[in-house]
Each structure stands twice: as structure tokens, then as C-alpha cells.
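First comes the structure, then the notes that go with it.
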Amino acid sequence: MGAGAGILAAQQVRALAAAGAIVTERVFDTDQIQPASLDLRLGTVAYRVRASFLPGPGQRVADKIDQLRLHEIDLSTGAVLETGCVYIVPLMENLALPADIAASANPKSSTGRLDVFTRVIVDEGRAFDTIPAGYRGPLFLEVSPRTFPVLVRAGSRLSQIRFRRGDARLTDAELVALHASDRLVDQADPVLVDGVSLSIDLEGAGPDRLVGYRARRHSAVVDVDRKAALDVLDFWDPIRRRGPASLILDPDEFYILVSREAVHVPPSHAAEMVPFDPLVGEFRVHYAGFFDPGFGHAGAGGAGSRAVLEVRSHEVPFILDHGQTIGRLVYERMAERPERVYGEVGSNYQAQGLKLSKHFRF
């Protein structure tokens, strides 16, 4: 691993912007830079398009939009994005990355928990959410609400980007050593191969034996910028354990569930949730995969933090059993320790158990 390799910390992201590698249409919001990522802001216009796409070599995103656009939507004062539609939104942030800095993107936690599917696209891109080292050009966000229509506006933040230098992903041996020193999960004998395996909790928490939530269809609009504004039962059906610790996922329904394990990301590292194995089941887990340094860290008030899981079955009903492996948490080194870690920056989900997005009041 080369010198300085790793995920860039908040102070390094600020330095990157100061050096002109991140160009913005307006100054950063005060809380836009996270311990290991930067929130990306929607621009002033959205384009509804016929289909999702990747531009590919020699192709610009703007040209593909011109070919596929159905209509243009002004976001300057806010607009509703409807379910089942695909929108492309130019972002306020553009990049002029150094040759040794690459980036990756992911939906924000609150975005994933609303079942809003987002992916960053770049000119000549061959993959979603992947920005090659040295990229110079605009950023675009594909937005597709799946369950709830959402009200967004210029400046709304649905996605986030991480910058990295080199390859800082831990080997299995390094992961075992980190778990020995920092206890990454609270299981006695965790599986530490290609990341830390996580499993599903379907035992049910508390006297009401709550195991999760299933999204209600045909709901009202969710304003993505308003916290604690909505009643849970207007949008979600609670799921309670009534027998065996299992759950049948209905096709095309959206669920919020939680990991059996408490998770810890030390301040010196960052993590990302990735699928366990696409061959083990017909379901998708966790849209929003970034875990910041300090998530679940006792020193930042996070002891006992669980991973909340956004789950959707695909073509057929699928049964989940308590303790079934559903994902892996992949750890990477930070290039520097962040000045402040998750839980010290007004974080919404530190010390969480089973928790819906910040938009709902309890």
C-alpha cells in the first residue's frame, strides 16, 4: 500500500476542494462534509428520461439526456418526483480530480431507507457510482423513487461521495487483527472473510416483538429535507414476530430490518456494506452502504449500533430466517483519522437499533 493510501478524511476533502479538485456552484453547506465523505447536492433542474443508462466510452451524459428526455422539471422551488419514473439531475458539484484520487458514491442512509434508488453517473462512465482517478467533468444523479413519491429541491442531498487514494481495503489477516484489537462485531465467532459477515435479526425487540417495517403503497409525499415531520403509520406497517423467527418477503415489497450484530467502525477506518452473495437469494439488501469512521464507537456514543437493512425481494417470495447471513461489511483504512468522527457531527443514526429514516416521528 502506497504512502497516504486510504479513504480521504473530512479535512482532506476540504483541502481537495480548496485546491480546485471539487468545483461547486455555491459554497458548501456547513454540514455537507462528513467524516469520510461529501454529500452531493441536486442542481436546479431534473430531466425525466425514458430509461436508465450508462454513457460508455466517448459519450457524455448530457448527450444521452438529450436523446432520452421526456420533459424537464424545475427544482429551484421544489418538485415532486413520482414513483416508477427515472430522473437524471445534474449535481452542484463537479470534479477535477488529481491523477491519484478516485471516488465512489452511494445513497445517503436516509435516501436508502425511503426506497429511493440513486446512482451517480459520469461522462464516459462504464459503471454506476464509480468515478475513475483523474476524472474531470460534471456529476449527474439518477433518481428513481420506488415506494414513496418525494419532494426535492435544488440543494437536496440524496447521495454521497468518498474519495480514495490507492487500495486500502483490508486483507483477511488484517481484518482478523483489527477485530482482535477493536472488536468489530459483538459475536463470539464472527466470519471474517472478504469482510465481516452480518446476519438478520428476526427475534423481535421489546415486549411488542417488533422485527421490522413494510412500506405502505399509495402514500403521501415525503419531503426529503424535513425531519420528524411524518407519522410512521401513514407510511409503514410494523411487522411483529408471532411465531417462528422468520419472515416471508413478498415480491416487490420494501422492508426495513436490522442486523443481529452490533457493528463497530473504529475511527481509523471506514466501511461499506456489500451483498453477501447474489446467488444465495432473490433479494437485495442495503441500498445505502457507507459506514463512517466512529459508527458504533463507544467513545462517540455509539455502543450497540446495529446496521439497518433496506430489503427488497425480486421475482418470487423468499423466506428469511433469524441469523441468516445477508451482507458483508468491508473495511478500508482512512488516509488520516478524521478531525471528528460519526456521532460527533450531529449524526442521525448513532446508537441505532431498528430505525426508520429521520423523516418520521416517534
Three-way shape call for the chain based on the alpha-carbon gyration tensor, with the a/c threshold at 1.5: oblate
The range 93-206, dipole about Cα centre (Lys/Arg Cβ +1, Asp/Glu Cβ -1), debye to the nearest 20: 640 debye
Selected from GLN12, GLY58, GLN32, residue furthest toward positive end of dipole (the range 6-165; charges at beta carbon): GLN12
Inter-label distance, nm, simple model (7 Å from Cα along the C-beta direction), ALA220/GLU82: 2.1 nm
Helical mean residue ellipticity (222 nm; -39500 (n - 2.57) per DSSP H run of 4+; nearest 500) of the chain: -2500 deg cm²/dmol
Zone residues, the range 195-214, relative to LEU233, backbone N less than 20 Å from point 7 Å out along Cα-to-Cβ: 205-214
Residue among GLY206, ALA245, HIS322 farthest towards the positive dipole end of the chain, charges placed on Cβ: GLY206
Accessible-area value, VAL13, 1.4 Å probe, nucleic acids and ligands omitted, Å²: 0 Å²
Cα centre as origin, Lys/Arg/Asp/Glu Cβ charges: the chain dipole, Debye: 560 debye
Protein accessible area in the range 6-165, 1.4 Å probe - carbon and sulfur %: 48 percent
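Ignoring ligands, DNA and RNA, what accessible area per residue does the chain give at 1.4 Å, in Å²?
42 Å²
The values are calculated or read from the model by the stated rules, or taken from the named source; none is laboratory data. Since the structure is predicted, the reported quantities are computational estimates derived from the model, not experimental observations. Cβ atoms come from the backbone with ideal geometry, glycine included; neighbour counts cover every protein chain shown. Accessible surface areas use protein heavy atoms only, side chains included; no ligands, DNA or RNA. Shrake-Rupley method; radii C 1.70, N 1.55, O 1.52, S 1.80 Å.
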